[in-house]
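Where a number appears in this text, it was derived from the coordinates with a stated rule and is not lab data. Predicted model only: the values in this text are computed from it and were never measured. Cβ atoms come from the backbone with ideal geometry, glycine included; neighbour counts cover every protein chain shown.
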């Protein structure tokens, strides 16, 4: 047997195989380069459309659904607070779930931004006032809105967990309406949520971020997923505040844009 000849054949075979594999590798590499060139990264696409945003929130990886019910205010229980927490206020309970309060002495507040005077008033003169956080002003009603929160995460646009302060022409609070969500429970174990950059991409791909959009703020909270007659199920959500005050929301579990009613999106902080 001619081992020298067999050895030569093996060497030639491996040489041809290497050439073939190298050729295939170069084809794949060229195709990949072309793919990157024709499908630029999200960052590059946003830059091309002059869409800007600040640093995105971190340390939000998992969360869960919540369930809650509106608080039913009992007249006898509220009456006991008229000499303490609700001192100086005239209280009417409407539909068992809304407190209408008229202040005996109007409360002067600053004209712009978040009024610190109301923070102090909430803590000392409103039922469970420490559970609410500033949202913004509604110039149409000359009012200031606070929404309830859970573990420092707001319940976005939730009319069942809201305080609305009404002002007079002298920028004084003269009354307020309050609703309160009660018996907040965690429905599920922690589940992985989409990250804010993915939520931003969802908004962009669905045409919600036109050319030149400036995103002023991104935060994490909860939005009503299912609303029943006597209870609600809340889902984690990302909130994007645009420079013109528009609010955009993305379901942090399902990755879908949450469609708002027109009246829900006509003002912001």
The value for segment 89-210 (convex hull of the alpha-carbon atoms, volume per residue, Å³) is 163
If we count other beta carbons within 10 Å of each Cβ, what is the order of 76, 185, fewest first?
76, 185
Quick check: Cα centre of segment 40-85 to Cα centre of segment 120-191, how many Å?
12
From Cα pairs below 8 angstrom and at least 6 apart in sequence, can you work out the relative contact order of segment 123-253, rounded to a whole percent?
17
Separation in nanometres of the label points that stand 7 Å from Cα toward Cβ, at residue 84 and residue 48
6.4
Relative contact order, percent, of segment 73-182 when contacts are C-alpha pairs under 8 Å separated by at least 6 residues?
24
